[in-house]
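A quick write-up on the structure given underneath.
The values are calculated or read from the model by the stated rules, or taken from the named source; none is laboratory data. Keep in mind that what you see is a predicted model, and the values were worked out from it rather than measured. When we count neighbours, we look across all protein chains shown, and the Cβ atoms used for this are built from the backbone with ideal geometry, even at glycine. Accessible surface areas use protein heavy atoms only, side chains included; no ligands, DNA or RNA. Shrake-Rupley method; radii C 1.70, N 1.55, O 1.52, S 1.80 Å.
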Amino acid sequence: MIKKNILIVGAGFTGAVIGRELAEKGHKIRIIDSRPHVAGNCYSERDEQTGVMVHTYGPHIFHTDNQEVWDYLNRFAEMMPYTNRVKTTVNGQVFSLPINLHTINQFFNTTCSPSEAQALIESKSDQTISNPQTFEEQAMRFVGKELYEAFFKGYTIKQWGMSPAELPASILKRLPVRFNYDDNYFSHKYQGMPKEGYTPIVENILNHPNITIELNHTFDESDAEGIDHLFFTGPIDAWYGYRFGRLGYRTLDFEKFHTEGDFQGTAVMNYGEEKVPYTRITEHKYFAPWEQHQGSVCYREFSRACTPDDTPYYPIRQMGEMEMLNQYLDLAEQEKNISFAGRLGTYRYLDMDVTIGEALDMAKTYLESIEQNSEMPVFTVKVR
Ligand code: UDP
């Protein structure tokens, strides 16, 4: 088989997984990343003062239903059991999320059974909304005004910088409403945390004799000379020099602080009220319950519009952004010998398991294209 020279821009999960899959088939892989570290926004490191493993770009919890992805991850990581349980502070009280029977009974001061709670919520919900389009309609239809205003409205305005009436229903659909006492934030079959954080997983994936990595290296046209294919996992608008403008993202600011003992006694405390300027406080030792630490390190999390100097987090994907995205996609679809992948390359908000799954698929498609001497597609997922 002909050995290909591959360049991959970006050493996050997407770039690492594609690189590994192709390296194992004998291809020569060069991966560059403008940051001084691998793992992208999943990067984790130990806090010097406390020894706690911290998720520098905000907490990442691994959860999936995808057996192939779970097995793949476990080849490179020692995963520890972890269940994400989230609390939220509103109106001077602490409630459990996602909305479950405990939340409902505490909020309405009731002792409802599952069926009684279902009837109660139905009586509160706006039944005139048959096909909710916006976040607000979805909330009004499925939880009603009181719960919406307490738990979602303020938080969402802070998180997205706009009214939930302007946001798609799909954002809220990420969260279940449960009529039992199950307070597991996720409903997936597998959930866990890597014993030594995410950075060593990506390092292990990249640890292959056919892979070379260059950090602190921003892509330059000369990098593409003599290569057979380029996988680009950076921002698609950056690839085209922002010629149609910058795609909108939300970025996060973190206010880090240390405490002697425990600060809040749990990993994630949301703050639903708009008057509290941060969305949540995360206490990172609680993401590694198998470890013991005297001190604690926490982050207050603030969301705001991303400027050119910031790290992009959440793609906004509102009407205006989608129009601009389509212009970039029109250009991209004309390309040869380049594929765009990952959160930034396709401008979609992706959980880690989806990222890994899509990267595995893209590598597979590329290997097939070599074998069949066919053209490698620019995208291997639906992006419009
Ligand atoms: N959300 C909310 N209140 C909360 C938690 C979440 O209003 O206490 C909304 C918010 O708009 C968020 C969405 O629900 O973007 C999805 O929540 P998730 O926890 O999945 O947020 P992500 O992982 O995207 O930060």
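If the Cβ limit is 8 Å and pairs must be 6+ apart or interchain, which residue in region 304-326 that is part of a helix (DSSP H, G or I) pairs with which residue that is within 16 Å of the ligand (Cβ to nearest atom) and open to solvent by 40 Å² or more (accessible area, probe 1.4 Å)?
325/317
Identify all residues within region 251-289 that are within 13 Å of the ligand (Cβ to nearest atom) and hydrophobic (A, V, I, L, M, F, W, C); write none if there are none.
Of everything in region 251-289, those that are within 13 Å of the ligand (Cβ to nearest atom) and hydrophobic (A, V, I, L, M, F, W, C) turn out to be 252, 267, 268, 269, 276, 281.
Which condition breaks for residue 78 when tested against (1) touching a Pro at 6+ places or on another chain (Cβ under 8 Å); (2) open to solvent by less than 40 Å² (accessible area, probe 1.4 Å)?
Of the numbered conditions (1) touching a Pro at 6+ places or on another chain (Cβ under 8 Å); (2) open to solvent by less than 40 Å² (accessible area, probe 1.4 Å), the odd one out for residue 78 is (2).
Restricting to region 129-158, what's the tally of residues that are in contact (Cβ under 8 Å) with a residue 40 or more places away in the chain and of a type outside the set (A, V, I, L, M, F, W, C)? Spell out the reasoning first.
Of region 129-158, the ones in contact (Cβ under 8 Å) with a residue 40 or more places away in the chain are 143, 147, 150-155, 157-158.
Right, trim to of a type outside the set (A, V, I, L, M, F, W, C) and you get 153-155, 158.
Looking only at that region, the number is 4.
In region 229-280, which residues are of a type in the set (Asp, Glu), out of contact with any strand residue (DSSP E or B) (no Cβ under 9 Å at 6 or more places or on another chain) and over 30 Å from residue 4 (Cβ atoms)? Even if it seems obvious, please write down each step before you answer.
Let us first name the residues in region 229-280 that are of a type in the set (Asp, Glu), namely 237, 253, 255, 260, 262, 273-274.
Cutting the leftovers down to out of contact with any strand residue (DSSP E or B) (no Cβ under 9 Å at 6 or more places or on another chain) gives us 237, 274.
Answer for region 229-280, where residues must be of a type in the set (Asp, Glu), out of contact with any strand residue (DSSP E or B) (no Cβ under 9 Å at 6 or more places or on another chain) and over 30 Å from residue 4 (Cβ atoms): just 274.
Listed here are the residues, each with its yes/no results for (1) open to solvent by 20 Å² or more (accessible area, probe 1.4 Å); (2) farther than 30 Å from residue 95 by Cα.
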| site | (1), (2) |
| --- | --- |
| 210 | yes, yes |
| 214 | yes, yes |
| 220 | yes, yes |
| 226 | yes, yes |
| 229 | no, yes |
| 232 | no, yes |
| 238 | yes, yes |
| 268 | no, no |
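Limited to region 277-303, what total is found for residues that are in a loop (DSSP other than H, G, I, E, B) and either open to solvent by less than 40 Å² (accessible area, probe 1.4 Å) or charged (D, E, K, R) (or both)? Don't jump to the end; show me each part of the working.
We begin by selecting, within region 277-303, every residue in a loop (DSSP other than H, G, I, E, B); these are 277-279, 288-295.
Now restrict to residues that are either open to solvent by less than 40 Å² (accessible area, probe 1.4 Å) or charged (D, E, K, R) (or both): 279, 288, 291, 295.
Residues meeting the conditions: 4.
Counting just the residues of region 118-138 that are open to solvent by less than 70 Å² (accessible area, probe 1.4 Å) and in a helix (DSSP H, G or I), which one comes out farthest from the ligand (Cβ to nearest atom)? Walk me through it before giving the result.
Kept after step one, since they are open to solvent by less than 70 Å² (accessible area, probe 1.4 Å), are these residues of region 118-138: 119-121, 124-126, 129, 132, 134-138.
Filter once more, so that each one left must be in a helix (DSSP H, G or I): 119-121, 124, 135-138.
On the way: 119: 24, 120: 20, 121: 17, 124: 17, 135: 7, 136: 11, 137: 14, 138: 10 Å.
It comes out as 119.
Being more than 25 Å from the chain's Cα centre (by Cα), open to solvent by 10 Å² or more (accessible area, probe 1.4 Å) and farther than 16 Å from residue 148 by Cβ is the filter here; which residues of region 81-112 pass it?
Answer for region 81-112, where residues must be more than 25 Å from the chain's Cα centre (by Cα), open to solvent by 10 Å² or more (accessible area, probe 1.4 Å) and farther than 16 Å from residue 148 by Cβ: 92, 93, 94, 102, 105, 106, 109, 110, 111, 112.
Listed residues 346, 365, 355; which is out of contact with any helix residue (DSSP H, G or I) (no Cβ under 8 Å at 6 or more places or on another chain) and either away from the ligand (no atom under 16 Å from the Cβ) or in contact (Cβ under 8 Å) with a residue 12 or more places away in the chain (or both)? Don't jump to the end; show me each part of the working.
Numbers: 346 fails: out of contact with any helix residue (DSSP H, G or I) (no Cβ under 8 Å at 6 or more places or on another chain); 355 fails: out of contact with any helix residue (DSSP H, G or I) (no Cβ under 8 Å at 6 or more places or on another chain).
365 is the lone residue from the list that is out of contact with any helix residue (DSSP H, G or I) (no Cβ under 8 Å at 6 or more places or on another chain) and either away from the ligand (no atom under 16 Å from the Cβ) or in contact (Cβ under 8 Å) with a residue 12 or more places away in the chain (or both).
How many residues are open to solvent by less than 50 Å² (accessible area, probe 1.4 Å), near the ligand (Cβ under 10 Å from one of its atoms) and not in a loop (DSSP other than H, G, I, E, B) if we restrict to region 139-184?
15
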